[in-house]
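Engineer: Take this structure first; my questions come after.
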Amino acid sequence: MTSMTTAMVRVIGGVDTHGPSHHAAVIDGVGRQLDDREFPASPAGYGALLEWLRGYGELDRVGVEGTGTYGVALTRHLREAGALVVEVDRPDRRARRAQGKSDPLDAYSAARAALSGAASVVPKLRDGRVEAIRALRVARSSAVKARSQATNQIKALIVTGPAQLREQLRYLPTGMVIVACARLHPGHNLGDAEQATKTALRRLARRHQQLSEEIAEADHELDQLVHQVAPALLALPGVGPEVAGQVLTSAGDNPNRIKSEAAFAHLCGAAPIPASSARTRRHRLNRGGDRSANNALYVVVLGRMRHDARTRAYVERRTHEGLAKPEIIRCLKRYVAREIYNTLNLATPARKPEQLLARP
């Protein structure tokens, strides 16, 4: 194939990503398979993969699986090199059962999804302040879970501990229990059940205190970052730093990749799914989407139902119309999703359509 002919061919790439290596495939503009090859998951491997794809013609776009996990670095490299990247979901299980499963098959499937438009989602940018928020929230979430576990273990030890110690601690509030356990002075005879229980309680209580300090420090850092990134979001009723941090994390550093408020509602699992048939016209609950983002909307709705006069009036009106509380909450989550989407787009500089696929 001459260089002039090669330049005229429109090709589409697909990549099945893994930890140590990535498997790439290339097809032409009508879906014919051209070739596939494995490349190491390293900077040199990313460069070789892109050069290999472009060797078959004019690279239109690349469909990449796992743009938020194993494919993060590859996606970043492709975008910086000017390639258009779309995020590809894993192949449908029914198709896998029918066609089989292998790295080349998955790579070709990713390329076909990019060609057909089935894969058209712009990957998140993972190199800005929202990515910094996500990283801090991961550590904070881990600390919160560990603190809850320590609290449960302390209470379990108190219930099963010696009678005198149990009566001394069981009726205290949780905060005072932590302080009291941290101040215990057990003896050195760890073969004694009471002394061993006191030692365990003191260790767990001090761990609880350390985790509380870590969480408070993370909250302070996240509060500052969220105020820098989206102060308008924090101005909405019921939206605090934790909710705002989750919403920003779900949207990514490039929220303009989400084409409409309806798409954002689907992302958050707050858009009703049509379930109509013949004369029946109905919608069902959407159990998909980002469940953490959905939970953030739920927290906002609960806060507004308690403290926002406009929301309370809406709840009263819809209750008189015969809607149950869960249905009202689902409606409110949809409205909150629209409000947050509009706020995010006002707070973020608009990008041209071609900039949504590739960073200039």
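Engineer: Given the condition out of contact with any Ser or Thr (no Cβ under 9 Å at 6 or more places or on another chain), free of Cβ contacts under 8 Å to residues at least 40 places away in the same chain and open to solvent by less than 50 Å² (accessible area, probe 1.4 Å), answer yes or no: does some residue in region 212-223 qualify?
Structural biologist: Looking through region 212-223, none of the residues is out of contact with any Ser or Thr (no Cβ under 9 Å at 6 or more places or on another chain), free of Cβ contacts under 8 Å to residues at least 40 places away in the same chain and open to solvent by less than 50 Å² (accessible area, probe 1.4 Å).
Here is a yes/no grid of residues against (1) in a helix (DSSP H, G or I); (2) of a type outside the set (A, V, I, L, M, F, W, C); (3) more than 30 Å from Leu74 (Cα to Cα):
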| site | (1), (2), (3) |
| --- | --- |
| Arg126 | no, yes, no |
| Gln149 | yes, yes, yes |
| Asn189 | no, yes, yes |
| Leu204 | yes, no, yes |
| Asp223 | yes, yes, yes |
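Engineer: What are the pairs with Cβ atoms under 6 angstrom where one residue, in region 148-159, is β-branched (Val, Ile, Thr) and the other, located anywhere, is in a helix (DSSP H, G or I) and open to solvent by 50 Å² or more (accessible area, probe 1.4 Å)? Sequence gap at least six, or different chains.
Structural biologist: Ile158/Arg166
Engineer: Which of the residues spanning region 286-316 are in contact (Cβ under 8 Å) with a residue 24 or more places away in the chain and exposed (fewer than 13 other Cβ atoms within 10 Å of the Cβ)?
Structural biologist: Within region 286-316, just His307 meets the criteria.
Engineer: In addition: So, in region 13-45, of the ones that are touching a Gly at 6+ places or on another chain (Cβ under 9 Å) and of a type in the set (S, T, N, Q), which residue ends up farthest from Asp60 (Cα to Cα)?
Structural biologist: If we take residues in region 13-45 being touching a Gly at 6+ places or on another chain (Cβ under 9 Å) and of a type in the set (S, T, N, Q), then Ser21 is farthest from Asp60 (Cα to Cα).
Engineer: Please state which one of Arg76, Arg112 is within 27 Å of Ala251 (Cβ to Cβ) and not polar (S, T, N, Q).
Structural biologist: Selected residue: Arg76, the only one of Arg76, Arg112 that is within 27 Å of Ala251 (Cβ to Cβ) and not polar (S, T, N, Q).
Engineer: Of the residues that sit in region 237-265 and are outside any helix (DSSP H, G or I) and farther than 18 Å from Ser292 by Cβ, which one is most open to solvent (accessible area, probe 1.4 Å)?
Structural biologist: Here the residue is Lys259.
The values are calculated or read from the model by the stated rules, or taken from the named source; none is laboratory data. The shown structure was predicted, so the numbers you read here are calculated from the model rather than taken from an experiment. Cβ sites come from the backbone with ideal geometry, for glycine too, and all protein chains shown count toward neighbours. We work out accessible area using only protein heavy atoms, side chains counted, and drop any ligands, DNA or RNA first. Shrake-Rupley method; radii C 1.70, N 1.55, O 1.52, S 1.80 Å.
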